[in-house]
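A quick write-up on the structure given underneath.
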Amino acid sequence: MIKVVVVGGGWAGCAAALAAAKAGAQVLLLERTDLLLGTGLVGGIFRNNGRYTGAEEAIAMGGGDLFVAMDSNRRHKNINFPGHNHASLYDVVTMEPIIKKLLEGYGIQVEKKQRVVHVQKYGKKIQGVFVDGGDEIRGDVFVDATGTAGPMGNCLTYGNGCAMCIMRCPSFGPRVSLTGKAQVKEIMGLKADGSFGAMSGSCKISKDSLSKELKIKLEKDGVVILPVPERLQKTGSLGKKACTQYAIADYAANLVLLDTGHAKLMTSYFPLEDLRTIPGLEQARYEDPYAGGIGNSMRYLGMAPCDNALKVDTMENLFCCGEKSAILVGHTEAILTGLLAGNNAVRYCLDMKYLELPRTLATGDFIAFVHEQMQSEAGLRMRYTLSGALYFEHMKAMSLYSTNPAEIKHRVKNAGLSDIYNVCLV
Amino acid sequence: MNNNNISQCIDMNSKYCPCLLAAANNCIFCSHLKGEVICDCNWSGRCILYEQHWQYKKQDGDESQTLRTEEEVEFIIKERFGENTLILEWNVSPQLAAELTRIGSFVFLRQPSDPHYFYFPVNIMSIQGNTIQVAIETIGPKSKRIVEGNNNKLLIRGPYYNGVLGAPWIDNITDGNIILVAGGIGQAPGFPLVSKLMRSGNKVTALLAPGKVGQIFIAKPLEELGVTVHQVSSLRQFGMTMLREWLALTPDLIVSAGPDEQHYGVIAAMQGARVNIPMAATNNARMCCGEGICGSCLKKTRDHKMIRMCKQQTDFSSIIED
């Protein structure tokens, strides 16, 4: 039986494992920490702007399980906040066990607290990976879903230091890049000022620390917008943010709080004493990252060079997804690339032609567009998402943006890809 | 935690890390602290770059980096074997005494009136309370100075930890069958290793030879610890045959305390007996500073790396013979 080893249990890795299992492989998913979903444990926003189209495409292609799970566990539906329409918010507090159960239901072996530290390479192939402690795990094909954030030395060098975020490097050890260990030269993203990396764009405030009125409003509407006193506005920080879709002037003038179970604050970090001068936040305290007054995790350090089928360049049996595969932001994007990487991993083992999504679909156009942009240094300074900034504009210009599931289903059918992820290839 | 991690630099996770090498951007372990652009460590349990970062902050407040301390002590000659071998004893501060209980501990010694480059390294033989015993052979230009002119004062600098290669084996093994091979002056560093192994519930069989020292001086204390002791007059002539027979019973670990020739002899005996078991060996590299700075202890390994024997752990068999 074909054995697919997925390294990294964030949304991308979960999607890759799911797609590979659906295509008929035996799948092992290795996660460094004791929780799946990675930075998705802090995420929560989906179906906003072009992500709606992306999610519906995945559903039409037969890979919608994770979106269906999110839909079923959402706290709010169809909310609007600056620059964003028809967003849903899943509950970040309760999402993880649901996904774990879903994956195990497909027969995927999920192994937590298994940190991969090295690879066994033979020619252009990876034969196996070594987990911390020395055991070697063999496989036919590997998916690098290790992300591009951390470890804490990078946060210190390129950011404001370890802010004790959801990555929890001090407890579980640093993330190790599979691609890097296979001696493939990685790509590093740049900030607007040309320095490396980008800082995660949101943090969480404990909902119980909000004023009573604010908490009630947030739970009812899903979103609260608080004007920032002029003396605290800092437009300069926007260029350093990972999530360009939220790096708009509205976010400097306003604090946007979203109800994802916690109160998700749409800014990389905000000094606590300043935060507490804003009405309703007098007693606010951070939930994640714990030092949300100081900084946040640094990302886009070490992306894998890959083609549009998400096979890592120069390697034969290594695929990548999520942030690892391009400068992309968000778990919708992670899942879309994860599904493709997982499916193609199985195709590799069967000597089949790799699946490449056509540019008539938003997902295919997105992957191709980002890879084109990454050829230039200016492109490396941008971040790409279906939900805003440069790509969303491009998406609208190409008439790919749609919130009509029937229309999206029709497009997928025309591309000949209906239910493609549901086909058992083996 | 992975043994490989622990073994990369002996000072990691101690208060002496990050060290002068890190300050010079030549850290053995941290990729950032050797000038690379992204994190690529295999996790020591804490982030050395971070520790370095806090250290810089500390320096602003006039507190310097944690360096090894020097203490001036009076010593007595506890025993004398043959012409040149002495067992010295002295007291140190409780703090230094506590730090020297780790296996593989050694210190540098010199006469207080001598210039600092007279410092030479010596392994700790035993430590009880604040009282330390070491064995030295007064044959080199540095060691001879210790007892010249009825001197009874010493400057000691420490603690240093890389006195035994394969230290993680000794630290982690429990309920195992272990062989100690010790010859000559190597009996001194061998003794604390066996003490540690016996405390962890291991069964130790010792093969002792007098070597150039001309005397076996740890047989009695080892027997008191419950070690089965076999004494031979020459390891080369009689010991190695005996060792090959013992190796056929595949013990869990072999500890070689003595000169490099003895270590090679043990490796040859393992090859002869067609077994490959873990080996810990005393570190005999010539050292001058102990801090990784001077370069006197640099050795080349079979995987084409230069390692600093004063700090870096490795399998003795991976070192290319000089």
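Step by step: first the residues of the range A:123-133, then only those that are in contact with a strand residue (DSSP E or B) (Cβ under 7 Å, 6 or more places away or on another chain) and within 10 Å of chain B (Cβ to nearest Cβ), then the one that is nearest to A:C349 (Cα to Cα). Which residue is that?
Looking at the filtered set, the residue picked out is A:F130.
Looking only at the range B:13-32, filter to residues that are over 19 Å from B:K305 (Cα atoms) and assigned to a loop (DSSP other than H, G, I, E, B); which one of those is farthest from the other protein chains (Cβ to nearest Cβ)?
Only one residue tops the list, namely B:Y16.
Is it the case that the range A:192-209 has a residue that's within 26 Å of A:L318 (Cβ to Cβ), within 22 Å of the chain's Cα centre (by Cα) and at the interface with chain B (Cβ under 10 Å from one of its Cβ atoms)?
Looking through the range A:192-209, at least one residue is within 26 Å of A:L318 (Cβ to Cβ), within 22 Å of the chain's Cα centre (by Cα) and at the interface with chain B (Cβ under 10 Å from one of its Cβ atoms).
State whether the residues of the range A:104-113 include one that is assigned to a helix (DSSP H, G or I) and more than 14 Å from chain B (Cβ to nearest Cβ).
There is at least one residue in the range A:104-113 that is assigned to a helix (DSSP H, G or I) and more than 14 Å from chain B (Cβ to nearest Cβ).
Residue-by-condition table, conditions (1) in a loop (DSSP other than H, G, I, E, B); (2) surrounded by 15 or more Cβ atoms within 10 Å (Cβ to Cβ); (3) out of contact with any helix residue (DSSP H, G or I) (no Cβ under 7 Å at 6 or more places or on another chain):
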site: A:L390; (1), (2), (3): no, yes, yes
site: A:M395; (1), (2), (3): no, yes, no
site: A:S399; (1), (2), (3): yes, no, yes
site: A:S402; (1), (2), (3): yes, yes, no
site: A:K409; (1), (2), (3): no, yes, no
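Which of the strands (runs of 3 or more DSSP E) found entirely inside the range A:278-337 contain at least 1 residues meeting this: under 28 Å from B:E36 (Cα atoms) and within 14 Å of chain B (Cβ to nearest Cβ)?
Details: elements: A:286-288, A:301-303, A:318-320.
So the answer is A:301-303.
Sort out for me the helices (runs of 4 or more DSSP H) sitting completely within the range B:59-176 that have 1 or more residues that are basic (K, R) and more than 26 Å from B:Q313 (Cβ to Cβ). Outline the logic, then answer.
Values: elements: B:94-99, B:141-145, B:167-172.
Output list reads B:141-145.
Kindly provide the set of residues from the range A:93-103 that are at pLDDT 95 or above and either within 14 Å of chain B (Cβ to nearest Cβ) or surrounded by 13 or more Cβ atoms within 10 Å (Cβ to Cβ) (or both), ordered by number.
Matches in the range A:93-103: A:M95, A:E96, A:I98, A:I99, A:K100, A:L102, A:L103.
Restricting attention to the range B:247-270, which residues are surrounded by fewer than 15 Cβ atoms within 10 Å (Cβ to Cβ) and in contact (Cβ under 8 Å) with a residue 12 or more places away in the chain?
Once the filter is applied, which keeps residues that are surrounded by fewer than 15 Cβ atoms within 10 Å (Cβ to Cβ) and in contact (Cβ under 8 Å) with a residue 12 or more places away in the chain, the range B:247-270 yields B:A248, B:L249, B:T250, B:A268.
As an exercise: evaluate B:Q262 against (1) modelled with pLDDT under 95; (2) within 28 Å of B:I127 (Cα to Cα); (3) among the polar types (S, T, N, Q) and give the number of the one condition it does not meet.
Checking B:Q262 against (1) modelled with pLDDT under 95; (2) within 28 Å of B:I127 (Cα to Cα); (3) among the polar types (S, T, N, Q), the one that fails is (1).
Quick check on my filter: what residues within the range B:180-193 are under 12 Å from B:S256 (Cβ atoms) and either among the hydrophobic types (A, V, I, L, M, F, W, C) or without any contact (Cβ under 8 Å) to a residue 40 or more places away in the chain (or both)?
B:L180, B:V181, B:A182, B:L193
When you check B:I185 against the structure, is it among the β-branched types (V, I, T), crowded, with 24+ Cβ neighbours inside 10 Å and within 18 Å of the chain's Cα centre (by Cα), yes or no?
Judged against the criteria, B:I185 is a match.
If we keep just the residues of the range B:271-308 that are within 21 Å of B:I254 (Cβ to Cβ) and in contact (Cβ under 8 Å) with a residue 60 or more places away in the chain, which is surrounded by the fewest Cβ atoms within 10 Å (Cβ to Cβ)?
This residue is B:P278.
How many residues are closer than 15 Å to A:G180 by Cα and surrounded by fewer than 24 Cβ atoms within 10 Å (Cβ to Cβ) if we restrict to the range A:317-356?
Residues in the range A:317-356 being closer than 15 Å to A:G180 by Cα and surrounded by fewer than 24 Cβ atoms within 10 Å (Cβ to Cβ): 1 in total.
So which residues in the range A:134-188 are within 12 Å of chain B (Cβ to nearest Cβ) and among the charged types (D, E, K, R), if there are any at all?
A:D135, A:R175, A:K181, A:K185, A:E186
Tell me which of these A:I59 doesn't satisfy, since it passes every other one: (1) assigned to a helix (DSSP H, G or I); (2) over 30 Å from A:N254 (Cα atoms); (3) within 16 Å of the chain's Cα centre (by Cα).
The number of the failed condition is (3).
Return the residues of the range B:216-265 that are of a type in the set (D, E, K, R) and under 19 Å from B:A188 (Cβ atoms); say none if nothing qualifies.
Across the range B:216-265, the qualifying residues are B:K220, B:E223, B:E224, B:D260, B:E261.
The values are calculated or read from the model by the stated rules, or taken from the named source; none is laboratory data. Note that this is a predicted model, so its numbers are computed, not measured. Glycine gets a Cβ as well: all are built from the backbone with ideal geometry, and neighbour counts include every protein chain shown.
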